[in-house]
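J.: Quick one: the structure is below, and I'll ask about it shortly.
The values are calculated or read from the model by the stated rules, or taken from the named source; none is laboratory data. Keep in mind that what you see is a predicted model, and the values were worked out from it rather than measured. Heads up, the Cβs are rebuilt from the backbone with ideal geometry, glycines too, and the neighbour counts pull from every protein chain shown.
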Number of protein chains: 2
Amino acid sequence: MLKVNKNYANLKESYLFAEIEKRVSEYTKANPDKKIIKMGIGDVTLPLPGIIVDAMKNACDEMGKKETFKGYGPYGGYEFLTGKIAAYYKANMGVDLEIGEIFISDGAKSDVGNITDIFDVNNTVLIPDPVYPVYLDTNIMDGRNIVYMDGNEANGFMPEPDGYEGDIIYLCSPNNPTGAVFTREKLKAWVDYALERGAVILYDAAYEAFISDPSLPRSIFEIEGAKKCAIEFCSFSKLAGFTGTRCAYTIIPKDLVIDGNSLNAVWYRRQSTKYNGASYIIQKGAESVFSVEGMAEIQKNITYYKENAQIIAAALKEVGITYFGGENSPYIWLKCPNNMGSWEFFDYLLSNVQVVGTPGEGFGSMGDGYFRLTSFGSKEATLEAAEKIKSLLK
Amino acid sequence: MLKVNKNYANLKESYLFAEIEKRVSEYTKANPDKKIIKMGIGDVTLPLPGIIVDAMKNACDEMGKKETFKGYGPYGGYEFLTGKIAAYYKANMGVDLEIGEIFISDGAKSDVGNITDIFDVNNTVLIPDPVYPVYLDTNIMDGRNIVYMDGNEANGFMPEPDGYEGDIIYLCSPNNPTGAVFTREKLKAWVDYALERGAVILYDAAYEAFISDPSLPRSIFEIEGAKKCAIEFCSFSKLAGFTGTRCAYTIIPKDLVIDGNSLNAVWYRRQSTKYNGASYIIQKGAESVFSVEGMAEIQKNITYYKENAQIIAAALKEVGITYFGGENSPYIWLKCPNNMGSWEFFDYLLSNVQVVGTPGEGFGSMGDGYFRLTSFGSKEATLEAAEKIKSLLK
């Protein structure tokens with residue numbers, strides 16, 4: 001008889017968003033006249049800039065003509081796109097990449113999820129707590145030994161390597177959910193650790209475009225030695241509003257060779273066997289992001305979200321709430337006042353000022369007592385929420 | 001130190017297309033005046049019908065406006081598309097599907113590659129030889145026990161269950177590379193076998209739209225009991241020319257419960273953890289395939305390719321070459337004349353009439369002595385190749 005992957009039984013059901021939905025809907029039912037402000041979503045809301053729309057429409061037209069029709073593309077993506085990404089890294093991060101080190105895909109979640117295919121089950125995985133739940137769940141599915149690294153206010157929710165022993169290390173900066181960003185020094189400590197142990201760092205840089213402080217690294221490859229120990233995941237989702245359009249890229253340096261295995265070559269084998277490349281149309285849209293006009297347009301959108309973050313941060317500061325992030329990140333991570341638990345504070349905000357956020361314990365047990373607010377809503381809604389939070393917590 | 005997945009070392013390097021490329025380029029270099037006709041590609045060449053192009057362009061425009069912008073979509077795809085697929089199955093195959101049984105993705109190769117995630121390593125896999133190499137390689141990557149089922153002229157390259165013991169069974173009909181198609185009776189034997197053993201059939205129906213003989217099943221779910229033992233993979237690639245546009249779907253019936261595990265629920269958990277849904281734009285294009293005009297347009301393209309297949313088949317028949325497929329399939333699988341090996345015949349065709357096909361042994365050892373020709377070229381090139389093959393082999 002067929003045996004199903006038994007590790008799936010070890011996954012915890014993800015109640016977080018279902019539970020939020022349930023509590024909001026119960027409240028709305030009991031209070032039909034109250035308007036809810038959603039500050040919990042991790043999804044963008046601004047439309048795609050016209051230059052991206054036009055690039056994709058042109059590509060659609062190409063698909064409709066025999067002379068310009070495109071069938072299967074390169075497994076790792078078209079060079080018109082990987083070349084632009086390499087230039088972006090050179091210009092913004094001072095990082096030299098070969099185009100063969102950049103793999104285009106439909107989404108960073110796919111790549112973060114699929115990357116574990118190339119690692120043996122017998123590796124120990126280090127995962128920060130709290131963090132984006134995909135790192136944890138994908139490794140539970142594979143049955144790996146997982147060690148949590150506690151994030152707390154003392155380490156700024158960015159755990160340091162001392163005392164941990166692992167082979168695969170997940171790092172996320174700017175962090176989801178805490179909005180914390182690695183300094184060069186703290187990131188270098190991880191690179192040195194990985195090099196010494198022959199470990200690999202899986203570096204999730206999905207929110208790199210939100211970093212405006214030039215002293216902070218936007219890519220792990222800004223750190224010396226990282227090309228020998230790190231894989232970086234990045235996405236057009238938050239860079240350019242592609243959450244529903246779908247495009248991302250993963251960088252695996254050719255210098256990343258562990259025990260004689262080129263991880264670039266192993267990942268290429270994985271992708272060429274289990275993936276047929278990203279849509280030509282979408283890749284043409286992604287290419288236009290890197291034009292002068294495209295960059296200016298997406299920068300406008302990022303600035304809009306960052307202003308929202310500043311509005312929330314200013315409100316929290318005014319009423320003396322401890323918070324993290326919000327400066328080089330779309331996320332604000334606040335300490336619930338009066339020692340409230342995450343869900344307690346959720347209910348408190350919902351019932352008093354009808355603002356919905358995300359309870360921190362949804363991102364790991366160390367998140368209890370904390371709460372995530374996001375800046376992806378409209379300016380009007382954000383201003384209104386900030387005022388209401390201030391009046392409630394002052 | 002990080003341990004890489006050691007099963008990758010057991011993969012054979014895929015020399016097939018590289019070797020074809022090498023031999024063709026050497027020949028072209030030595031004979032710069034000769035024109036090569038490519039009859040080996042498995043990629044479509046006709047452009048997308050206008051109605052699909054328009055649907056995608058409209059979706060691009062929606063993405064550019066705040067009111068109609070789409071962020072993250074449902075993990076399993078939008079109901080506007082799954083609903084149309086369910087109606088297509090009802091109308092064409094007489095099969096009732098719930099929309100929650102249909103999962104939209106970026107490609108059948110992704111789904112066929114990723115589906116093994118949900119199975120334990122300790123399962124025995126039955127794989128026909130010759131066949132599409134992805135079934136084999138993905139299971140080698142996972143380290144499963146693999147049993148080959150020999151395809152030959154006696155069983156029409158569609159092995160039967162007698163004498164085999166397996167838990168996961170790959171079937172592909174219309175078959176790549178042989179063009180063979182299951183009859184209801186032969187497919188029912190596999191369904192009965194799977195039900196009796198508690199095995200699962202992974203049914204690759206990527207070429208179902210090429211079946212015009214109403215006596216042949218286009219979906220495994222036309223067979224009684226299949227909903228309790230089969231998963232079906234299908235694609236817009238060959239149905240509607242989406243090889244570069246990327247969209248596919250996988251059907252996992254809710255009745256498919258093995259040892260208390262709903263495979264539909266387990267796959268949903270896999271996809272919601274490691275995938276963020278297919279692009280809204282592409283799903284809108286796929287939806288338009290099912291409109292009256294869309295269906296008429298894609299049928300025109302499929303007819304065009306099938307006429308090509310008929311041209312090749314007629315030529316082979318005229319000169320007395322044994323062949324399979326070509327009738328309800330875009331592929332023609334021929335027995336190399338005079339007991340030539342696959343590569344020997346490849347060189348023979350290339351050097352004498354400059355026609356390039358695919359040596360059968362690229363699809364498994366049982367393919368040696370056979371050769372694949374495809375119908376995805378232009379009518380003119382196909383006619384020219386047919387004439388040349390006739391003059392050479394008569």
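J.: Given the residues B:D117, B:D96, which is the only one that is over 25 Å from A:G277 (Cα atoms), assigned by TED's automatic domain parsing to the domain that holds B:L239, of a type in the set (D, E) and in contact with a helix residue (DSSP H, G or I) (Cβ under 8 Å, 6 or more places away or on another chain)?
T.: Values: B:D117 fails: over 25 Å from A:G277 (Cα atoms).
B:D96 is the lone residue from the list that is over 25 Å from A:G277 (Cα atoms), assigned by TED's automatic domain parsing to the domain that holds B:L239, of a type in the set (D, E) and in contact with a helix residue (DSSP H, G or I) (Cβ under 8 Å, 6 or more places away or on another chain).
J.: Does A:I332 satisfy being within 30 Å of A:E361 (Cβ to Cβ), of a type in the set (A, V, I, L, M, F, W, C) and part of a helix (DSSP H, G or I)? It would help to see each step written out before you state the result.
T.: Working: within 30 Å of A:E361 (Cβ to Cβ): yes; of a type in the set (A, V, I, L, M, F, W, C): yes; part of a helix (DSSP H, G or I): no.
It is false that A:I332 is within 30 Å of A:E361 (Cβ to Cβ), of a type in the set (A, V, I, L, M, F, W, C) and part of a helix (DSSP H, G or I).
J.: Further question: Kindly check whether there is at least one residue in the range B:292-309 that is in contact with a helix residue (DSSP H, G or I) (Cβ under 8 Å, 6 or more places away or on another chain), buried (at least 24 other Cβ atoms within 10 Å of the Cβ), farther than 17 Å from B:Y88 by Cβ and away from every other protein chain (no Cβ under 14 Å).
T.: Scanning the range B:292-309, I find at least one residue that is in contact with a helix residue (DSSP H, G or I) (Cβ under 8 Å, 6 or more places away or on another chain), buried (at least 24 other Cβ atoms within 10 Å of the Cβ), farther than 17 Å from B:Y88 by Cβ and away from every other protein chain (no Cβ under 14 Å), so the answer is yes.
J.: For the range B:60-75, what are the residues that are farther than 10 Å from B:G277 by Cβ and more than 7 Å from chain A (Cβ to nearest Cβ)?
T.: Matches in the range B:60-75: B:E62, B:E67, B:T68.
J.: Another question, then. Looking at the range B:1-23, which of the residues that are farther than 23 Å from B:N139 by Cβ and among the charged types (D, E, K, R) is farthest from the other protein chains (Cβ to nearest Cβ)?
T.: Among those that are farther than 23 Å from B:N139 by Cβ and among the charged types (D, E, K, R), it is B:R23.
J.: For residues that are touching a helix residue (DSSP H, G or I) at 6+ places or on another chain (Cβ under 6 Å) and in a strand (DSSP E or B), scanning just the range A:139-169, find the one that is surrounded by the most Cβ atoms within 10 Å (Cβ to Cβ).
T.: That would be A:I146.
J.: Condition first: within 17 Å of the chain's Cα centre (by Cα) and either not in a loop (DSSP other than H, G, I, E, B) or not polar (S, T, N, Q) (or both). Now tell me which residues in the range B:170-185 satisfy that. Explain how you work it out, then say what you get.
T.: Step one: of the range B:170-185, the residues within 17 Å of the chain's Cα centre (by Cα) are B:170-182.
Within the range B:170-185, B:Y170, B:L171, B:C172, B:P174, B:P177, B:G179, B:A180, B:V181, B:F182 meet the criteria.
J.: Related question: Using beta carbons and a limit of 6 Å, which pairs, at least six apart or on different chains, have the first residue in the range A:331-353 and closer than 21 Å to A:A18 by Cβ and the second one in a helix (DSSP H, G or I)?
T.: Every condition considered, the pairs that remain are A:S342/A:G360; A:S342/A:E361; A:L350/A:Y27.
J.: How many residues does the range B:186-221 contain that are within 14 Å of chain A (Cβ to nearest Cβ) and either without any contact (Cβ under 8 Å) to a residue 60 or more places away in the chain or part of a helix (DSSP H, G or I) (or both)?
T.: 7
J.: Among residues belonging to the range B:58-78 that are touching a Gly at 6+ places or on another chain (Cβ under 9 Å) and not in a loop (DSSP other than H, G, I, E, B), point out the one that is farthest from A:L239 (Cα to Cα). Step through it out loud before you land on a result.
T.: Initially, the range B:58-78 is screened for residues touching a Gly at 6+ places or on another chain (Cβ under 9 Å), giving B:59-60, B:63-64, B:69-78.
If we keep only those that are not in a loop (DSSP other than H, G, I, E, B) too, we end up with B:59-60, B:63.
Values: B:A59: 20, B:C60: 18, B:M63: 15 Å.
Within the range B:58-78, the match that is farthest from A:L239 (Cα to Cα) is B:A59.
J.: Output yes when any residue across the range B:256-276 is assigned to a loop (DSSP other than H, G, I, E, B), touching a residue at least 12 places away in the same chain (Cβ under 8 Å), touching a helix residue (DSSP H, G or I) at 6+ places or on another chain (Cβ under 6 Å) and within 8 Å of chain A (Cβ to nearest Cβ), and no when none is. Before the answer, list the steps.
T.: At the first step, the residues of the range B:256-276 found to be assigned to a loop (DSSP other than H, G, I, E, B) are B:256, B:259-260, B:275-276.
With the extra rule that they be touching a residue at least 12 places away in the same chain (Cβ under 8 Å), the set shrinks to B:256, B:259, B:275-276.
Adding the requirement that they be touching a helix residue (DSSP H, G or I) at 6+ places or on another chain (Cβ under 6 Å) leaves B:256, B:275-276.
Filter again for within 8 Å of chain A (Cβ to nearest Cβ), leaving B:275-276.
Scanning the range B:256-276, I find at least one residue that is assigned to a loop (DSSP other than H, G, I, E, B), touching a residue at least 12 places away in the same chain (Cβ under 8 Å), touching a helix residue (DSSP H, G or I) at 6+ places or on another chain (Cβ under 6 Å) and within 8 Å of chain A (Cβ to nearest Cβ), so the answer is yes.
J.: If you go through the range B:353-394, how many residues are surrounded by fewer than 21 Cβ atoms within 10 Å (Cβ to Cβ) and among the polar types (S, T, N, Q)?
T.: Result for the range B:353-394: 4.
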